[in-house]
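The values are calculated or read from the model by the stated rules, or taken from the named source; none is laboratory data. No experiment lies behind these values; they were computed from the predicted model shown. Cβ sites come from the backbone with ideal geometry, for glycine too, and all protein chains shown count toward neighbours. Side chains included, ligands, DNA and RNA excluded: accessible areas come from the protein's heavy atoms. Shrake-Rupley method; radii C 1.70, N 1.55, O 1.52, S 1.80 Å.
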Amino acid sequence: MASIPLNISDFSRKLLEILDHVEYRRIESTEDMEDVERLRWKAYKAHDVLALAPKGLLDDSDFDSHAYVFGLYYYGELVSTIRLHYATPEHRVTQSGGAFPEAIDALLDAGLTLIDPARFAADPELTADLPWIPYLTLRPSIVAAAYFRAARVLQFCRPPHAAFYKRVFYADTIVPGRLAKNYGIDMTLMATNVIEVGRKLLTRYPFFISSASEQRMMFSRDPDSTLPSLTIVPTARFVPEGQLGTDLPL
């Protein structure tokens, strides 16, 4: 196993250690999708935001050809889930676009490709004791940016959460907080320009680093390749330091 660099923060060191006990699963089977649905219900119910999923806790977007649903497993237990959309000028399915279509279309019309995380849900019984869950649940969005060579990682969130994304992901505000009619609450749209800040992001938070093999296992849908692994082991501690610059489209 690769050693942890000495010049990183205690926080990053701790999360790199936690990665040894974490696995990701790309949700493909009906049984696993039912587990995700139950976790979404549990999380949204605890935070009184079930109204934010008016079309149900599973919808057509979960099965879009550019959508990827992941479960995060800690010591074999499902603790959180996230859905990622890979949006291109030719394929514009996103969660954020439902609230801010003009902003999303402007980015895509400019020829940019986007990673749009959505449907974040974490077990409310565990989040207080596992404060790292948001970081590692959102980690696949950075892995996706590397695999797809995407230009932006979006953050579609409630305004009180904007400071987190600005601090951790160096996100810029695209649409300031305002009423999103299809949700009935204020939302804001932010974006990380990974071309500009990718190296700084991976240097500060090395647990976001991924190997090319991990990226393929998470996101490859090549019909000629084998099926994705049942579980995907994070590779941040195995990527040589000299390859840091290859992990995002710098």
Return yes or no: is A87 crowded, with 19+ Cβ neighbours inside 10 Å and in contact with a helix residue (DSSP H, G or I) (Cβ under 8 Å, 6 or more places away or on another chain)?
yes
Any residue at all in the range 230-244 that is modelled with pLDDT of 85 or more, surrounded by fewer than 16 Cβ atoms within 10 Å (Cβ to Cβ), of a type in the set (G, A, S) and out of contact with any His (no Cβ under 8 Å at 6 or more places or on another chain)?
no
Could you tell me whether the range 159-173 includes any residue that is farther than 30 Å from E17 by Cβ and among the β-branched types (V, I, T)?
yes
For the range 38-49, indicate whether the set of residues that are assigned to a helix (DSSP H, G or I) and aromatic (F, W, Y) is non-empty.
yes
Extreme residue, most open to solvent (accessible area, probe 1.4 Å), among residues of the range 111-143 that are among the β-branched types (V, I, T) and either in a helix (DSSP H, G or I) or farther than 14 Å from Y165 by Cβ (or both)
T127
When you go through Y68, Y147 one by one, which is the residue that is open to solvent by less than 60 Å² (accessible area, probe 1.4 Å), modelled with pLDDT of 95 or more, over 26 Å from L179 (Cα atoms) and not acidic (D, E)?
Y68
